[in-house]
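One structure below.
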């Protein structure tokens, strides 16, 4: 029996209303809304890395922001350590903000250009009273060492660093408050491939040394496979499959997951594919399909898929998929032997 999840997402939906048009005002219609998250259910267990993948616009970053309460869901709730984070009193809200930290895609825009690295880290340490004032300089040196930056980096400003170094500063700022969870939103997507590997290996090392739980949001399936214990696949604001990383990559149980994997770029030129992630275009998030959200692009869709929206159901050990095709991707004896 598994422990209670550290983070649980239960039926979370989030919509972003657009400005009212003249037609809306004349007809009395409510303003249109983008459906960013649609009844998301998800669990994150202590000490694991959960990778969240999907096409651009599928709701990954919106979900990440709901996890750290930068956004409030319109429906559903997010629990941390068994408590609804939307109902935390002020003192517990402050503790939650320290225990769950987010690292953003663009470290330059999230770092104050007028503050030196020393000031950035001192602010985090002081606001949360992490160290006595006299101990802050030593802690700053320790944090820079943790992210493999020299001690003299403390006196420099964000513009003096490369993109990979700025991302390390962002990680150091998050670690300053000694969090339990890091939510990394497209942590390395803006970096060169060689720098990506350095930052990812740093994150893996920090997770092991500091016993961190990591939510890793990315669109690069190779990175997610390398870093994650489990993977959640999102489509149009809904989690359509979750499972242990190797099981999901070997035998995806949802047609969309399989389409993503089939279209993933290969490092070996002889094995490169020209397959699209899925046929057709993403439906309009202002007007979602009835039934399964993937039915407009799924080659296996049948009558039930257009009438009823599937929920996540068990497809193997800790493996779940939201698909009416209960046997889709079911491992064959040959597949099991190969694993």
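The values are calculated or read from the model by the stated rules, or taken from the named source; none is laboratory data. None of these values were measured; they are calculated from a predicted model. Cβ placement follows ideal geometry from the backbone for every residue including glycine, while neighbour counts extend to all protein chains displayed.
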- Item | Residue that is surrounded by the most Cβ atoms within 10 Å (Cβ to Cβ) [pool: residues in region 297-335 that are free of Cβ contacts under 8 Å to residues at least 60 places away in the same chain and outside any loop (DSSP other than H, G, I, E, B)] | 305
- Note on the structure: By residue number, the members of region 158-195 that are surrounded by fewer than 17 Cβ atoms within 10 Å (Cβ to Cβ) and under 19 Å from the mean Cα position of the chain (by Cα) are 189, 190
- Any chance region 128-140 includes a residue that's in contact with a helix residue (DSSP H, G or I) (Cβ under 6 Å, 6 or more places away or on another chain), surrounded by 15 or more Cβ atoms within 10 Å (Cβ to Cβ) and closer than 30 Å to residue 4 by Cβ? yes
- Report yes if residue 155 is loosely packed, with under 14 Cβ neighbours inside 10 Å, in contact with a helix residue (DSSP H, G or I) (Cβ under 9 Å, 6 or more places away or on another chain) and either in contact (Cβ under 8 Å) with a residue 40 or more places away in the chain or over 20 Å from residue 175 (Cβ atoms) (or both), otherwise no. no
- When restricted to 190, 129, 153, the only residue part of a helix (DSSP H, G or I) and either closer than 24 Å to residue 52 by Cβ or out of contact with any strand residue (DSSP E or B) (no Cβ under 7 Å at 6 or more places or on another chain) (or both) is 153
- Taking residue 85, is it more than 26 Å from residue 224 (Cα to Cα) and surrounded by 18 or more Cβ atoms within 10 Å (Cβ to Cβ)? yes
- Query: Within the bounds of region 99-108, is there any residue that is loosely packed, with under 14 Cβ neighbours inside 10 Å, outside any loop (DSSP other than H, G, I, E, B) and without any contact (Cβ under 8 Å) to a residue 60 or more places away in the chain?
  - Reply: no
- Can you confirm whether region 81-98 contains a residue that is part of a loop (DSSP other than H, G, I, E, B) and in contact with a strand residue (DSSP E or B) (Cβ under 7 Å, 6 or more places away or on another chain)? no
- Message: I'd like the residue in region 67-91 that is free of Cβ contacts under 8 Å to residues at least 60 places away in the same chain and touching a helix residue (DSSP H, G or I) at 6+ places or on another chain (Cβ under 9 Å) and, out of all such residues, is farthest from residue 216 (Cα to Cα).
- Response: 88
- Message: For the structure I just gave you, tell me whether residue 294 is closer than 17 Å to residue 233 by Cβ, in contact with a helix residue (DSSP H, G or I) (Cβ under 9 Å, 6 or more places away or on another chain), at pLDDT 90 or above and surrounded by fewer than 18 Cβ atoms within 10 Å (Cβ to Cβ).
- Response: no
